[in-house]
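Below you'll find the structure, written out as structure tokens, and then a few comments.
The values are calculated or read from the model by the stated rules, or taken from the named source; none is laboratory data. These numbers come from a predicted model, not from an experiment. Note that each Cβ is placed from the backbone with ideal geometry, even for glycine, and that neighbours are counted across all protein chains shown. Note: accessible area is taken over every heavy atom of the protein model, side chains too, but ligands, DNA and RNA are not part of it. Shrake-Rupley method; radii C 1.70, N 1.55, O 1.52, S 1.80 Å.
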Amino acid sequence: MSDADLVKMMNIEDLLEIFCYPHWTGKTISLHCGHFHLGALYSLHDKSNPYVPMEELLHIPETADLDLFIDKWGYMDGESCVTIERFGAEDTWWTCIDLHHLHDCGLQTSDLSEVHHFTQSVKFLTEGNIERCWLAQANHFLSEHLSQEHFLATVVRFCVTIWYPTDDIGLRGTFMAGAPIDDLYLFLFHPCVDVQDGLVSVEIPSVQDAYYWSLRPDGREPLSAELLDEIMPPQVRLDVYTVGKQWSQQDYQLIWDITRAKGLDPESSDLAIQLGYPLAVMHDIPLSVSLYGV
């Protein structure tokens, strides 16, 4: 039996599944504010230069088979991640973190002389669906762009880092007698996700809008800038990453050959239509997205 005969006997979705799990690639997006699209295909013109914007070429419309999932904020402890269960009022969608009771979440340390990381992700619920959907029609869209490097964005990951600058460590506990550090709470934002005409848009907040401090566990009284100057809370940094799948030209060529062996036109949307996948929407003019690190 020839390889071509074997391919004809195999289920096409099973064949596409083989290509769904190559290596992951992560790209860091540092935006003060803006929006980023999940399920979109991006082109990197110069991956060695992080200041060259990448371009969004197209997006795959969100459907019932491409449900989204928003993680709770979790504390990164080495290679593990512990979910933070304390939340503020439901209508505010802010997550409350009691800095000196992190051990209540099963953590080993709450020493703020160290650096602490909290993460949250927005991603597609069922892994592999968005990838199969793209691969079934990739050669239709990329026949003229295979010389470029592309990746399919499937996750937006937020990372909040808190730490005390070394010079401030000795000053902790010396401020405001009525405001002990044990009563200081950090509130982290809840990601805002909007779906319009199938386009999944994740809002990237400014650093100022990503968190606030309060002396109340319900967060109803955010601390003013003047009080924060006296209290000297830990420093806070927000980083935003997109994680996406990437395939080589050889991968796309193999999919082209498999589609042809199935009697379909590889440079059309026939395979995606046959499998019932939503068709990708190509932008008339690519959207430019600033990339400030890799």
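Could you grab me the full set of residues in the range 257-291 that are among the hydrophobic types (A, V, I, L, M, F, W, C) and over 31 Å from the mean Cα position of the chain (by Cα)? Answer for the range 257-291, where residues must be among the hydrophobic types (A, V, I, L, M, F, W, C) and over 31 Å from the mean Cα position of the chain (by Cα): I258, A261, L264. Every test in (1) at pLDDT 70 or above; (2) more than 19 Å from the chain's Cα centre (by Cα) is passed by D46 save one, and that test is (1). Among the residues of the range 250-292, not one is in contact with a Lys or Arg (Cβ under 8 Å, 6 or more places away or on another chain), within 16 Å of F151 (Cβ to Cβ) and at pLDDT 90 or above. Tell me yes or no: at least one residue of the range 218-230 is over 21 Å from L41 (Cβ atoms), over 30 Å from the mean Cα position of the chain (by Cα) and of a type in the set (K, R). Within the range 218-230 (the criterion being over 21 Å from L41 (Cβ atoms), over 30 Å from the mean Cα position of the chain (by Cα) and of a type in the set (K, R)), the answer is no, since none of the residues qualifies. Could you list all residues from the range 210-266 that are among the polar types (S, T, N, Q) and out of contact with any strand residue (DSSP E or B) (no Cβ under 6 Å at 6 or more places or on another chain)? Result: S224, S248, Q249, Q250, Q253, T259. Only one of the numbered conditions (1) out of contact with any Ser or Thr (no Cβ under 9 Å at 6 or more places or on another chain); (2) in a loop (DSSP other than H, G, I, E, B) is not met by D251, and that is (2). Scanning the range 180-193 for residues that are within 30 Å of L279 (Cα to Cα) and either open to solvent by less than 50 Å² (accessible area, probe 1.4 Å) or in contact (Cβ under 8 Å) with a residue 60 or more places away in the chain (or both) returns P191, V193.
Kindly check whether there is at least one residue in the range 143-155 that is surrounded by fewer than 16 Cβ atoms within 10 Å (Cβ to Cβ), at pLDDT below 60 and within 30 Å of L41 (Cα to Cα). Yes, the range 143-155 contains at least one residue that is surrounded by fewer than 16 Cβ atoms within 10 Å (Cβ to Cβ), at pLDDT below 60 and within 30 Å of L41 (Cα to Cα). Select from the range 198-237 the residues that are open to solvent by 60 Å² or more (accessible area, probe 1.4 Å), part of a strand (DSSP E or B) and closer than 30 Å to A153 by Cβ and list them in ascending order. Matches in the range 198-237: E203, Q235, R237.
The residue of the range 204-226 that is farthest from V160 (Cα to Cα), among those that are in contact (Cβ under 8 Å) with a residue 24 or more places away in the chain and among the aliphatic types (A, V, I, L, M), is L215.
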